[in-house]
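Student: So that we are looking at the same thing, I have put the structure below in C-alpha cells.
The values are calculated or read from the model by the stated rules, or taken from the named source; none is laboratory data. None of these values were measured; they are calculated from a predicted model. When we count neighbours, we look across all protein chains shown, and the Cβ atoms used for this are built from the backbone with ideal geometry, even at glycine.
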Amino acid sequence: MSQAHFPSIGRIPFEGAKSRNPFAFKHYNADELVEGRPMREHLRFSVVYWHTMCGLGSDMFGGPTAVRAWDEGKTGLDLAKARVPVFFEFTEKLGAPYYAFHDRDVAPHGQTLRESNQWLDTIVALLKEQQQRTGIKLLWGTAQLFAHPRYMHGAGTSPNADVFAFGAAQVKKALEVTHELGGEGYTFWGGREGYSTLWNTDMKRELDHLARFLHMAVDYKKEIGFKGQFYIEPKPKEPTKHQYDSDSAACLNFLREYDLLPHFKLNIETNHATLAGHTMQHELEVAGGANALGSIDANTGDPLLGWDTDQFPTDLYLTTQCMLSILKHGGLSTGGVNFDAKLRRESIDAEDLFHAHIGGMDAFARGLKIAAAIRADGRLAEFVKTRYASWDSGLGARIESGQENLRSLEARMLDQGEAAANLSGRQEYLENLINEFI
Ligand code: XLS
Ligand code: NI
Ligand code: NI
C-alpha cells in the first residue's frame, strides 16, 4: 500500500462499537454478513473525485480555505497528474471498492477539444494503472457539462446547436474512457439543463433536444459495446432556477415520454430530494416502484440552508430509511453508495477527509444493520400488509383484478348505505417501533 501522502494513517480497520479510535470503523465491517450478504456488497461505497481532490472549501462568498501539500506549486496537467496517486492512496486506505469522476475534474480543460481529449487520455492511463494496482473499480463516469462558460445556457438543451454538438462530443469521449476503465455505469446530471427565465425559453424544444442527446448516447453506448448502466440524477434547481430532471417522478415521465426508460435508472441524491421538497425515502420509493432505483449519491443538506450543501451523511434515520428502501427494492446491483459530499469550509486538514468518509460509511453500515433488524422483526411490514387487508380478498381483490365497475360499486354502496369503518394509521406507534431499533 502506498504511504506517500497520508503517512500517519494506515488502512482503516474495523474495531467495533466500543472503539475510541477515530481512524477505525465502529460499524462498517466489510465481510460481515447482513441478510446473507457481506456489507461490502450491500453498500458498494464509492469516493468521488471532484469533492475529494478538487473541493478545497470555496463557496459563493469566498475562495478555497484548504491547502493540500500534494497540490502545492502545481497547475494544469501537472496538478491533475499529482492528484491521481493521492486519490487512490486515500480510497485504498478507506477500503472503499469504487470511485466516480467527471472528465474535467480528473483532467483540466484544454484550449481545444482535441487538447482536452489528449489530457484526459494522459490521466486515464494513470487512473487505469492505479485501478490495477489497488483493485478499486469505477462506479460511474460522467462528463462535466456545466462549469465551462460555453454551457451557460445548457448543453443538451442549449439554444446554440454548436454547444449541443460540443457537449455531445464530450459525452462521446467520456463514454469511451468510462468503458476503457471498466466503469459499471455512466451518469447524466443536467446541471444547466433547465432555465433561468421562461421569457427566453422554448421548453418543449429544449426537452426534445435533451431526449435526442440521450438517444445519441444510448446509440453510441451500443456501438462501442459499453455494458454499464446509464443513470439520470434528478435535481430540481441550482445552478439553474429550474432543472428539467427535477425529481424522480419528473425524470421517469421524461424517460417514458421519449422512449428512454429501458435504457436508464435513477441515481438519487439526498440533498437534491430535499431541494425538490421531498424526502430521500420518497424519491427512492418513486424510483423503486418503477424498477428504476439504480444508485445513490449519499449526502445530506442542512435544514437551515436552502442549497446543495453536500454534507456527509451522519443521520441514522436517513441511512436507515435509505437502506430499508434499497433492501425492499432488491439492493444495489450496478449502483453504489457514492459519497457526493464535501468537507465543510472550516475543515481544512487532509485528515478531515478520513473523518468524513469513515463517518459516512459507519452511518450507512448502521443504517443497513438497523434496516435488516426491522425487516427480521417483521412488525413494520406486517402492519403495512394488514393495513391493506381489505384488498386481499372479496371486494378489494375483485377491484384489483378489474371485475368491478362504477355501476357495481354504486349498487353495493346503495345496499350497504356506508363504507366499513376505517382503522387507525398508528403513526406514533410505528415511530416508536422504529426507535426501538435506532
Ligand atoms: C451536483 C451533482 C453532481 C453529480 C455529477 O449537484 O450532484 O455532483 O452527481 O455530475
Ligand atoms: Ni450528485
Ligand atoms: Ni448534488
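Student: Which of the residues belonging to segment 9-35 are among the hydroxyl-bearing types (Ser, Thr, Tyr), touching a residue at least 24 places away in the same chain (Cβ under 8 Å) and surrounded by fewer than 15 Cβ atoms within 10 Å (Cβ to Cβ)? Before the answer, list the steps.
Tutor: Initially, segment 9-35 is screened for residues among the hydroxyl-bearing types (Ser, Thr, Tyr), giving 19, 28.
Now restrict to residues that are touching a residue at least 24 places away in the same chain (Cβ under 8 Å): 28.
If the condition is that a residue be among the hydroxyl-bearing types (Ser, Thr, Tyr), touching a residue at least 24 places away in the same chain (Cβ under 8 Å) and surrounded by fewer than 15 Cβ atoms within 10 Å (Cβ to Cβ), then no residue fits.
Student: Might you check whether a residue that is on the phi < 0 side of the Ramachandran plot, hydroxyl-bearing (Ser, Thr, Tyr), surrounded by 17 or more Cβ atoms within 10 Å (Cβ to Cβ) and part of a helix (DSSP H, G or I) occurs anywhere in segment 175-184? Lay out the reasoning, then the answer.
Tutor: Going through segment 175-184, the residues on the phi < 0 side of the Ramachandran plot turn out to be 175-181, 183-184.
The next check asks that each one be hydroxyl-bearing (Ser, Thr, Tyr); those that pass are 178.
Those left that are additionally surrounded by 17 or more Cβ atoms within 10 Å (Cβ to Cβ): 178.
Still in the list and also part of a helix (DSSP H, G or I): 178.
Looking for residues that are on the phi < 0 side of the Ramachandran plot, hydroxyl-bearing (Ser, Thr, Tyr), surrounded by 17 or more Cβ atoms within 10 Å (Cβ to Cβ) and part of a helix (DSSP H, G or I), one finds at least one in segment 175-184, hence yes.
Student: Next up: SER158 fails exactly one of the following numbered conditions: (1) buried (at least 19 other Cβ atoms within 10 Å of the Cβ); (2) farther than 30 Å from GLY336 by Cα; (3) in contact with a strand residue (DSSP E or B) (Cβ under 7 Å, 6 or more places away or on another chain); (4) polar (S, T, N, Q). What is the number of that condition?
Tutor: SER158 satisfies all of (1) buried (at least 19 other Cβ atoms within 10 Å of the Cβ); (2) farther than 30 Å from GLY336 by Cα; (3) in contact with a strand residue (DSSP E or B) (Cβ under 7 Å, 6 or more places away or on another chain); (4) polar (S, T, N, Q) except (3).
Student: Write out, first by first residue and then by second, each pair whose Cβ atoms fall under 8 Å of each other, whose residues are 6+ apart or on separate chains, and whose first residue, in segment 405-418, is surrounded by 10 or more Cβ atoms within 10 Å (Cβ to Cβ) while the second is in a helix (DSSP H, G or I).
Tutor: Cβ pairs passing all conditions: LEU409/ILE399; ARG412/LEU395.
Student: Right, something else. Just to be sure, is GLY110 outside any helix (DSSP H, G or I) and either over 23 Å from the mean Cα position of the chain (by Cα) or farther than 24 Å from HIS148 by Cβ (or both)? Spell out how you get there, then give the answer.
Tutor: Values: outside any helix (DSSP H, G or I): yes; either over 23 Å from the mean Cα position of the chain (by Cα) or farther than 24 Å from HIS148 by Cβ (or both): yes.
Judged against the criteria, GLY110 is a match.
Student: Could you count how many residues in segment 31-53 are among the hydrophobic types (A, V, I, L, M, F, W, C), farther than 15 Å from ILE136 by Cβ and part of a strand (DSSP E or B)?
Tutor: Residues in segment 31-53 being among the hydrophobic types (A, V, I, L, M, F, W, C), farther than 15 Å from ILE136 by Cβ and part of a strand (DSSP E or B): 2 in total.
Student: Give LEU266, LEU327, LEU275 a once-over and let me know the one that is more than 16 Å from ligand 3 (Cβ to nearest atom) and either more than 20 Å from TYR98 (Cα to Cα) or not aromatic (Phe, Trp, Tyr) (or both). Steps first, answer last, please.
Tutor: Working: LEU266 fails: more than 16 Å from ligand 3 (Cβ to nearest atom); LEU275 fails: more than 16 Å from ligand 3 (Cβ to nearest atom).
Selected residue: LEU327, the only one of LEU266, LEU327, LEU275 that is more than 16 Å from ligand 3 (Cβ to nearest atom) and either more than 20 Å from TYR98 (Cα to Cα) or not aromatic (Phe, Trp, Tyr) (or both).
Student: Would you please list the contacts, defined by Cβ atoms under 7 Å and residues six or more apart or on different chains, that run from a residue in segment 299-317 that is under 15 Å from THR52 (Cα atoms) and part of a loop (DSSP other than H, G, I, E, B) to a residue that is of a type in the set (Lys, Arg) and within 13 Å of ligand 2 (Cβ to nearest atom)?
Tutor: Listed pairs, sorted by first residue: ASP310/LYS342.
Student: Determine if segment 194-212 includes at least one residue that is crowded, with 16+ Cβ neighbours inside 10 Å, in contact (Cβ under 8 Å) with a residue 12 or more places away in the chain, within 16 Å of ligand 2 (Cβ to nearest atom) and over 16 Å from the mean Cα position of the chain (by Cα). Reasoning before the result, please.
Tutor: The first filter runs over segment 194-212 and keeps only residues crowded, with 16+ Cβ neighbours inside 10 Å, leaving 194-195, 201, 206-207, 209-211.
Narrowing further to those that are in contact (Cβ under 8 Å) with a residue 12 or more places away in the chain: 194-195, 206-207, 209-211.
From what's left, within 16 Å of ligand 2 (Cβ to nearest atom): 194.
Subsequent filtering for residues that are over 16 Å from the mean Cα position of the chain (by Cα) retains 194.
Yes, the conditions are met somewhere in segment 194-212.
Student: Would you call ASP352 within 20 Å of the chain's Cα centre (by Cα) and of a type in the set (D, E, K, R)? Before the answer, list the steps.
Tutor: Details: within 20 Å of the chain's Cα centre (by Cα): no; of a type in the set (D, E, K, R): yes.
The answer is no for ASP352.
Student: Go through segment 296-326 and give me each residue that's of a type outside the set (A, V, I, L, M), within 16 Å of GLY367 (Cα to Cα) and crowded, with 20+ Cβ neighbours inside 10 Å. I'd like the intermediate steps shown before the answer.
Tutor: Of segment 296-326, the ones of a type outside the set (A, V, I, L, M) are 297, 299-303, 306-315, 317, 319-322, 325.
If we keep only those that are within 16 Å of GLY367 (Cα to Cα) as well, we get 297, 299-300, 312-315, 317, 319-322, 325.
Residues satisfying the conditions are ASP297, ASN299, THR300, PHE312, PRO313, THR319, THR320, GLN321, CYS322, SER325.
Student: For the condition out of contact with any Ser or Thr (no Cβ under 6 Å at 6 or more places or on another chain), farther than 30 Å from ALA4 by Cβ and more than 16 Å from ligand 2 (Cβ to nearest atom), what is the one hit in ALA371, ALA350, ALA376?
Tutor: Numbers: ALA371 fails: out of contact with any Ser or Thr (no Cβ under 6 Å at 6 or more places or on another chain); ALA350 fails: farther than 30 Å from ALA4 by Cβ.
Selected residue: ALA376, the only one of ALA371, ALA350, ALA376 that is out of contact with any Ser or Thr (no Cβ under 6 Å at 6 or more places or on another chain), farther than 30 Å from ALA4 by Cβ and more than 16 Å from ligand 2 (Cβ to nearest atom).
Student: Right, next: What number of residues within segment 138-155 are buried (at least 18 other Cβ atoms within 10 Å of the Cβ) and part of a loop (DSSP other than H, G, I, E, B)?
Tutor: The initial filter retains those residues of segment 138-155 that are buried (at least 18 other Cβ atoms within 10 Å of the Cβ), namely 138-146, 151, 153-155.
Cutting the leftovers down to part of a loop (DSSP other than H, G, I, E, B) gives us 143-146, 153-155.
Residues meeting the conditions: 7.
Student: Any chance segment 47-61 includes a residue that's over 26 Å from the mean Cα position of the chain (by Cα), farther than 30 Å from ILE370 by Cβ and not polar (S, T, N, Q)? It would help to see each step written out before you state the result.
Tutor: Residues of segment 47-61 over 26 Å from the mean Cα position of the chain (by Cα): 61.
After this cut, where a residue has to be farther than 30 Å from ILE370 by Cβ as well, the list is 61.
Narrowing further to those that are not polar (S, T, N, Q): 61.
Yes, segment 47-61 contains at least one residue that is over 26 Å from the mean Cα position of the chain (by Cα), farther than 30 Å from ILE370 by Cβ and not polar (S, T, N, Q).
Student: Considering only segment 282-295, I want to know if a residue exists there that is on the phi < 0 side of the Ramachandran plot, more than 16 Å from ligand 2 (Cβ to nearest atom) and among the polar types (S, T, N, Q). Write out each step before concluding.
Tutor: Here is the first cut: in segment 282-295, the ones on the phi < 0 side of the Ramachandran plot are 282-290, 292-295.
Among the residues that remain, those that are also more than 16 Å from ligand 2 (Cβ to nearest atom) are: 282, 285-286, 288-290, 292.
Those still in the list that are among the polar types (S, T, N, Q) too: none.
The answer is no; no qualifying residue exists.
Student: Here's something else I'd like to know. Scan segment 223-251 and report the pairs whose first residue is in contact (Cβ under 8 Å) with a residue 12 or more places away in the chain and on the phi > 0 side of the Ramachandran plot and whose second residue is of a type in the set (A, V, I, L, M, F, W, C) and surrounded by fewer than 20 Cβ atoms within 10 Å (Cβ to Cβ), with Cβ atoms within less than 7 Å and a gap of 6+ or a chain change.
Tutor: GLU238/TRP307
Student: So, ARG345, is that one touching a residue at least 60 places away in the same chain (Cβ under 8 Å), within 30 Å of THR300 (Cβ to Cβ), among the basic types (Lys, Arg) and in contact with a Ser or Thr (Cβ under 9 Å, 6 or more places away or on another chain) or not? Lay out the reasoning, then the answer.
Tutor: Numbers: touching a residue at least 60 places away in the same chain (Cβ under 8 Å): yes; within 30 Å of THR300 (Cβ to Cβ): yes; among the basic types (Lys, Arg): yes; in contact with a Ser or Thr (Cβ under 9 Å, 6 or more places away or on another chain): yes.
It is true that ARG345 is touching a residue at least 60 places away in the same chain (Cβ under 8 Å), within 30 Å of THR300 (Cβ to Cβ), among the basic types (Lys, Arg) and in contact with a Ser or Thr (Cβ under 9 Å, 6 or more places away or on another chain).
Student: Which condition does LEU127 not pass, out of (1) closer than 22 Å to LYS235 by Cβ; (2) surrounded by 22 or more Cβ atoms within 10 Å (Cβ to Cβ); (3) modelled with pLDDT of 95 or more, if it passes all the others?
Tutor: (1)
Student: What pairs can you find where one residue is in segment 356-384 and closer than 18 Å to HIS329 by Cβ, the other is basic (Lys, Arg), and their Cβ atoms are less than 8 Å apart, with a gap of 6+ or different chains?
Tutor: Pairs that qualify, where the first residue is closer than 18 Å to HIS329 by Cβ and the partner is basic (Lys, Arg), are ALA381/ARG375.
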